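Here is the structure we will look at, set down as structure tokens.
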Amino acid sequence: MKYILKHRRELLGILTVLMGMMCIWLILDKPSTVPPNDTVNYYLENAQKETGAINVVTAIYLNYRVFDTVFEALLLLVAVTAVLFIYPIKPAKKIEKKNQIVLEPLKDLLVFIIPFILIFGLALIINGDKTPGGGFQGGAILVVIFVSGYLIDETRKVDLNIFTLVEKFAFISLTVIITAFLGLNFVEISPEVKKIYLVVINAFIGIKVCAGLGIIFYRFSRVDKEEDDQ
Amino acid sequence: MTGEIVSIIIFLIGCYTIMVRRDIVHTSIGISLMTGGVILNFLTTPHEYMKAPIGVEGEISSAIADPLPQALMITDIIIGMATTAVALAIFIKLYRKYDTARWDHALKKHVEESD
């Protein structure tokens, strides 16, 4: 028993390597062809004319499995709530200059690059139904603007209450629009309306993800400084 | 094939981190690594080198990648991010209270305080 406790790391390492070898052996052994799958065939054949989305992945997560998306958005809201529960929002104030994170030349580069990030994120959100993109990816890219803004000037004051308001508004609109869309008869809606629905939902998801990640980032960025103030 | 092997290696590195390390930050990193391995496995398993499922109406479905795991993995990425954020927030609180980054030391201090 003492020997096992003393050499715990080595024994666990040997166990992990054995597990990995077994998994890789199982992979090498499996058949290379995949049997036909009715669900996938249905999605690939009918997604485009039933939902109006050229990207089948968007068609799945905004139409066939839209509840997944709603509860995923809710999960992000719950995570933000948990972070804000542990570290409540303090009134926004300007903090005096302390340690500079970014070197001067890098700041100019960040200022130059921000418009391109904005265009890239917006393009991903708006073209979510045609290209490999969507609300989640575009929202995550738009947060980079806030992160760059923090790196350029860390003393700028940010009101997190606006972020929380935007996130709540986006989530409620998302739920209302999806419920209304599901309440209508799915097949009888014209393709133009379906395309507008996809773009609008992607936009709200993008706003929601952007606001949620922004709250988490700014909350973590201020935790250290507030400790110094106390 | 390559993607699957890489995903298994990443997942097992995460497993090993969780089993061996008693540091809370290392545990969070291990969980993130395991999430990454799972995502990579789902995305690569049956359809490496296949066509992306975009604008594929009327094509042979055996040459197109399965869109369902891709749609589900978007969910997984957000869940992994949210759990990491909450775990790190709790970690900072715990570190301020017990002044240690390890599970066992924090537990020991908690027992001492409660006695």
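The values are calculated or read from the model by the stated rules, or taken from the named source; none is laboratory data. Model, not experiment: these values are computed from the prediction. For neighbour counting, all protein chains shown are included, and Cβ atoms are generated from backbone atoms with ideal geometry for every residue, glycine included. Ligands, DNA and RNA are stripped out before the accessible areas are found, and what is left, the full protein with its side chains, is counted by its heavy atoms. Shrake-Rupley method; radii C 1.70, N 1.55, O 1.52, S 1.80 Å.
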| request: Using the charge dipole of chain A (Lys, Arg: +1 at Cβ; Asp, Glu: -1 at Cβ; taken about the Cα centre), state which of A:GLY138, A:ILE177, A:VAL200 has its Cα farthest towards the positive end. | output: A:GLY138
| field | Potential extension, A:LEU28-A:LEU182 segment - 0.36 nm per residue separation minus Cα distance | value | 51.0 nm
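Using R₀ = 22 Å, calculate the FRET efficiency as 1/(1 + (r/R₀)^6) where r is the Cβ-Cβ separation of B:GLU113 and A:ILE86; round to 0.05. Before the final figure, lay out the partial values.
Working: r = 20 Å, r/R0 = 0.90.
Efficiency, rounded to the nearest 0.05: 0.65.
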| In square nanometres, what is the average projected area of the Cα convex hull of the protein assembly as shown? | 23.2 nm²
| said: Bins of 5 Å, beginning at zero and ending with the bin holding the largest distance: percent of Cα pairs per bin for the range A:128-207, please. | reply: 3, 13, 17, 20, 17, 12, 8, 5, 3, 2, 0
| Could you state the principal axis extents of the C-alpha atoms in chain B, from the largest down, to the nearest angstrom? | 71, 24, 16
| remark: The correct pair for the range A:47-94, radius of gyration to one decimal and Dmax as a whole number, both in Å and from Cα atoms, is 17.5, 53
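Using helices alone, I'd like the mean residue ellipticity at 222 nm for chain A: each DSSP H run of four-plus residues gives -39500 (n - 2.57), total over residue count, nearest 500.
Dividing the helical sum by the residues of chain A leaves -25000 deg cm²/dmol.
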| note | Per residue, accessible area of the protein assembly as shown with a 1.4 Å probe, heavy atoms of protein chains only, in Å², comes to 57 Å²
| When the convex hull of the Cα atoms of the range B:66-115 is projected onto a plane and the area is averaged over all directions, what value comes out in nm²? | 4.5 nm²
| Can you pull the semi-axes for the range A:18-58, root of five times each eigenvalue of the Cα gyration tensor, sorted largest first, whole Å? | 35, 12, 6
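Using a ≥ b ≥ c from the Cα gyration tensor of the range A:140-186 (square roots of the eigenvalues), is it rounded, prolate or oblate, where a/c under 1.5 gives rounded and otherwise the larger of a/b and b/c decides, a/b for prolate?
Taking the square roots of the gyration eigenvalues as a ≥ b ≥ c, the range A:140-186 is oblate.
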| Which of the helices in chain A, when you take each full DSSP H run, stretch at least 15 Å along the axis at their Cα atoms and have an average Kyte-Doolittle score of 1.6 or higher? | A:66-86, A:104-126, A:135-152, A:160-183
| In Å² (nearest 100), what accessible area is buried between A and B, both sides summed, heavy protein atoms only, 1.4 Å probe? | 4000 Å²
| task | With all protein chains present, calculate the accessible area of B:SER114 using a 1.4 Å probe and round the result to the nearest 10 Å². | result | 80 Å²
| remark: Taking placed amide H atoms and a strict 5 Å upper bound, the residues 5 or more places from A:ASN55 or on another chain that come that close are A:LYS130, B:GLY55
| field | Distance (nanometres) between label positions extended 7 Å along Cα→Cβ at A:GLU192 and B:THR2 | value | 4.7 nm
| request: Could you go through the range B:103-115 in sequence order and give the Karplus-derived ³J(HN,Hα) for each residue, using 6.51 cos²θ - 1.76 cosθ + 1.60 with θ = phi - 60°, rounded to whole Hz, and x for Gly and Pro? | output: 4, 5, 5, 4, 5, 4, 5, 5, 5, 4, 5, 6, 6
| message | Springs between alpha-carbon pairs under 10 angstrom, Gaussian network model over chain A: which of A:THR81, A:THR16, A:THR175 fluctuates most? | response | A:THR16
| field | Cα→Cβ-extended label distance, 7 Å offset, between A:VAL17 and A:LEU118, nm | value | 5.4 nm
| task | Please report, as a whole percent, how much of the solvent-accessible surface of the range A:32-71 comes from carbon and sulfur atoms (probe radius 1.4 Å). | result | 57 percent
| query | Using 7 Å Cα-to-Cβ label points, what is the A:PHE71/A:GLU10 separation (nm, one decimal)? | reply | 4.7 nm
| Ordered by residue, what ³J(HN,Hα) values in Hz, to whole numbers, does the range B:79-88 give under the Karplus form 6.51 cos²θ - 1.76 cosθ + 1.60, where θ = phi - 60° and Gly and Pro are x? | 5, x, 5, 5, 5, 4, 4, 5, 4, 5
| task | Report, as an integer, the average count of C-beta atoms from other chains found within 10 Å of each Cβ along A:136-146. | result | 1
| note | In degrees rounded to 10, the 0-90 angle between helix B:2-20 Cα long axis and the longest Cα principal axis of chain B is 10 degrees
| query | Which longest run of chain A has no exposed loop site in it, a site being trypsin sites (Lys or Arg not before Pro) in a DSSP loop with at most 11 other beta carbons within 10 Å, and the site itself not part of the run? | reply | A:1-92
